[in-house]
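The values are calculated or read from the model by the stated rules, or taken from the named source; none is laboratory data. These numbers come from a predicted model, not from an experiment. Note that each Cβ is placed from the backbone with ideal geometry, even for glycine, and that neighbours are counted across all protein chains shown.
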Amino acid sequence: MTNKKTFIFDFLITQNCNYRCPYCSQSKKFHKGIFEQASIETINSVLNFIDKNSNKFNFEITVSGGEPLVHPEFFNFLMELKKRNAAVSIVSNFSFEIEKYIKIKDILGENFKELLVSLHLSQVKSLDEFLKKAEIFNSYKGGTNFLAASVLTDENVSELKKVASFLKEKNIKFELQHLRIKNKFVEYSDIAKEFISNFPISKIKEKSGTYSKICLAGVNFMIIYQNGECYRCYSSRFNKVHSLGNIKSKNFKLYSKPLPCLNKNCTCPKPILFNMIDYSSKAPVKALLLSLYNAFFIPLFIVKNFDSLKEKFIQGKNLKNK
Ligand code: SF4
Ligand code: SF4
């Protein structure tokens, strides 16, 4: 069928990770061993969702985490996605042996849309090994988009300069990411600024003034957390209206039509990239009513997310003090 729409979703298959980056909001959880990962039941529900909607949609799925490769069902899940002809992107810290990444390519073949590998300098045992693996995968990737990225800090400028020049020489795409603390982009030192002036930095895409604008997130896009909870987008976790229910339960439901955004700013890269926000059209009255409805549920969401809010606060404070 040629007239099928594309449905895009991110599946955060696990909170667990083999790294402990200081700026990771999850790190305390898995350090304490209280992380969650998708159960077989959740994975099967995700696959059922694809099956039920395969006559309507083509699927584009990003599998991330935590670190998705630590999930024991990771490769089996990819095999199932390949059977369903879904386009798949993976976000990984690239810490595993190169054979595992080659295996992903062998399983998914031309369905492997993108491998985004993040370089966490505080965690890598050998930078040379990371770069060597990047070189090997880049020569094996076929049609897969291969991209390395790293968060720039004032401390890692000189190392990242070397990384950037090596990857450029090998024709491998590399992106610097702007460090954010408490949702704000940090101000860099002059040395870092000079580096950025020669090497454009990617800020997470952000759009302001989105409140009440009509958005397709929830119709053509969603995120699925490891416990099966589904949300319209990343900015909507404290939003009763924008929760789509749990993929394992009967209460899960996509929107039948686009609704107004209830956030002042949008920091969700995919809805921005895929033009899901209609800037010309807004519904202020409906947005106000939905916001009032949401306000009623805020205490409940604070209680439900108390631990992660506390961790984010402590992490932000620690990073600011560095
Ligand atoms: S690699 Fe990613 S998930 Fe793992 S600790 Fe670092 S930031 Fe967190
Ligand atoms: S505009 Fe952005 S924040 Fe608002 S609903 Fe759409 S994706 Fe979410």
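If I filter the stretch 234-242 for residues that are within 18 Å of Ser64 (Cβ to Cβ), surrounded by 13 or more Cβ atoms within 10 Å (Cβ to Cβ), without any contact (Cβ under 8 Å) to a residue 40 or more places away in the chain and more than 16 Å from ligand 1 (Cβ to nearest atom), do I get at least one hit?
Checking the stretch 234-242: at least one residue is within 18 Å of Ser64 (Cβ to Cβ), surrounded by 13 or more Cβ atoms within 10 Å (Cβ to Cβ), without any contact (Cβ under 8 Å) to a residue 40 or more places away in the chain and more than 16 Å from ligand 1 (Cβ to nearest atom).
Is it the case that the stretch 199-219 has a residue that's of a type in the set (Phe, Trp, Tyr) and closer than 30 Å to Ile40 by Cα?
No - not one qualifying residue is present in the stretch 199-219.
What are the pairs, 6+ residues apart or on separate chains, where a residue within the stretch 260-280 that is within 13 Å of Thr6 (Cβ to Cβ) and of a type in the set (A, V, I, L, M, F, W, C) has its Cβ under 7 Å from a residue that is more than 6 Å from ligand 2 (Cβ to nearest atom) and part of a loop (DSSP other than H, G, I, E, B)?
Going by the 7 Å Cβ cut-off, the qualifying pairs are Leu273/Lys205; Met276/Leu216; Met276/Asn220.
I need the helices (runs of 4 or more DSSP H) fully contained in the stretch 72-174, keeping only those with at least 1 residues that are more than 28 Å from Glu194 (Cβ to Cβ) and of a type in the set (Asp, Glu).
Here the list reads 74-83, 98-108, 127-140.
Any chance you could count how many residues in the stretch 253-285 are among the hydroxyl-bearing types (Ser, Thr, Tyr), closer than 11 Å to Thr210 by Cβ and surrounded by 13 or more Cβ atoms within 10 Å (Cβ to Cβ)?
Qualifying residue count, the stretch 253-285: 1.
List every residue pair whose Cβ atoms sit under 8 Å apart, with the two residues 6 or more apart in sequence or on different chains, where the first one lies in the stretch 10-38 and is at pLDDT 90 or above and the second, anywhere, is within 16 Å of ligand 2 (Cβ to nearest atom) and not in a strand (DSSP E or B).
These pairs meet every condition: Asp10/Lys270; Leu12/Tyr225.
Find the residue count for the stretch 239-266, including only residues that are under 21 Å from the mean Cα position of the chain (by Cα), in a loop (DSSP other than H, G, I, E, B) and within 12 Å of ligand 2 (Cβ to nearest atom).
Of the residues in that region, 6 qualify.
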